[in-house]
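The values are calculated or read from the model by the stated rules, or taken from the named source; none is laboratory data. Please read these numbers as outputs of a predicted model, since none were measured by experiment. As a convention, Cβ positions derive from the backbone with ideal geometry for all residues, glycine included, and neighbour counts pool all protein chains shown. In case anyone asks, the SASA skips ligands and DNA or RNA and just uses the protein heavy atoms, side chains included. Shrake-Rupley method; radii C 1.70, N 1.55, O 1.52, S 1.80 Å.
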Amino acid sequence: MAKVYGITKRLEQNNINEEIEKEIIGNGDLVDIIIKMENMLDPEITYQILDSCACGISLKEMKGIKEIKAESIEDKIKMISLLGDFHSDWNIRLNQDNTITAGWIIREGDNYACVCSAVVNVGVKVSGLSHANRKMPLTYCFCCAGHCRRHLQKLLDIQLKTKTIVSSPINSNGQKPCEFIFEII
């Protein structure tokens, strides 16, 4: 999850000028930070920073993921739903342009819910932003896409790069699920 501390650390690791870093971090409001990153940084740097903030990608967790044995990517994708673990809840498909669309469909009442637990404001989680009359930019979700991408790479034994964040509950007021498009490298 892209928390302020992690973003700050990665801005430093990417040699972002200290003055620009301070301006981006500002008062620590995560929505403002993402908007400033979009406006002040090269999109590829923003992608790298947020992708590297992905949660659930520790060596221990990644070692627990088993590669799916099948002949084709299509067959491997079909087998994900048979795993019986949290990966089987993902919505994954191979597209005609040889990209992969993946995401989570998590319901909270009649709406879609965000899985991210990064605290944005005191007492407000990312999933609660829409209730605070704020929308998190889709760019923020590159960290969740990074989580999904790394797991898919391990499961499918392929290399991926996040191409597009299609939708997110925190950007759509719960009207759309998490959905990402990945390029096969």
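In segment 108-115, is there at least one residue being among the β-branched types (Val, Ile, Thr), modelled with pLDDT under 80 and surrounded by 15 or more Cβ atoms within 10 Å (Cβ to Cβ)? Spell out how you get there, then give the answer.
The initial filter retains those residues of segment 108-115 that are among the β-branched types (Val, Ile, Thr), namely 115.
Subsequent filtering for residues that are modelled with pLDDT under 80 retains 115.
Right, trim to surrounded by 15 or more Cβ atoms within 10 Å (Cβ to Cβ) and you get 115.
Scanning segment 108-115 turns up at least one residue that is among the β-branched types (Val, Ile, Thr), modelled with pLDDT under 80 and surrounded by 15 or more Cβ atoms within 10 Å (Cβ to Cβ).
Could you please let me know if Glu18 is closer than 24 Å to Tyr140 by Cβ, without any contact (Cβ under 8 Å) to a residue 24 or more places away in the chain, of a type in the set (D, E, K, R) and surrounded by fewer than 17 Cβ atoms within 10 Å (Cβ to Cβ)? Can you show your working first?
Values: closer than 24 Å to Tyr140 by Cβ: yes; without any contact (Cβ under 8 Å) to a residue 24 or more places away in the chain: yes; of a type in the set (D, E, K, R): yes; surrounded by fewer than 17 Cβ atoms within 10 Å (Cβ to Cβ): yes.
In short, yes.
Filter segment 91-107 for residues that are loosely packed, with under 13 Cβ neighbours inside 10 Å and more than 21 Å from Ile68 (Cβ to Cβ) and give the result.
Gln96, Asp97, Arg107
Yes/no per residue for (1) touching a helix residue (DSSP H, G or I) at 6+ places or on another chain (Cβ under 6 Å); (2) under 20 Å from Asn171 (Cα atoms):
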residue	(1), (2)
Lys3	no, yes
Arg10	yes, no
Ile16	no, no
Gly28	yes, yes
Asp42	no, no
Ile57	yes, no
Glu61	no, no
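Mind counting the residues in segment 76-90 that are open to solvent by 60 Å² or more (accessible area, probe 1.4 Å) and either under 15 Å from Asp157 (Cα atoms) or among the aromatic types (Phe, Trp, Tyr) (or both)?
3
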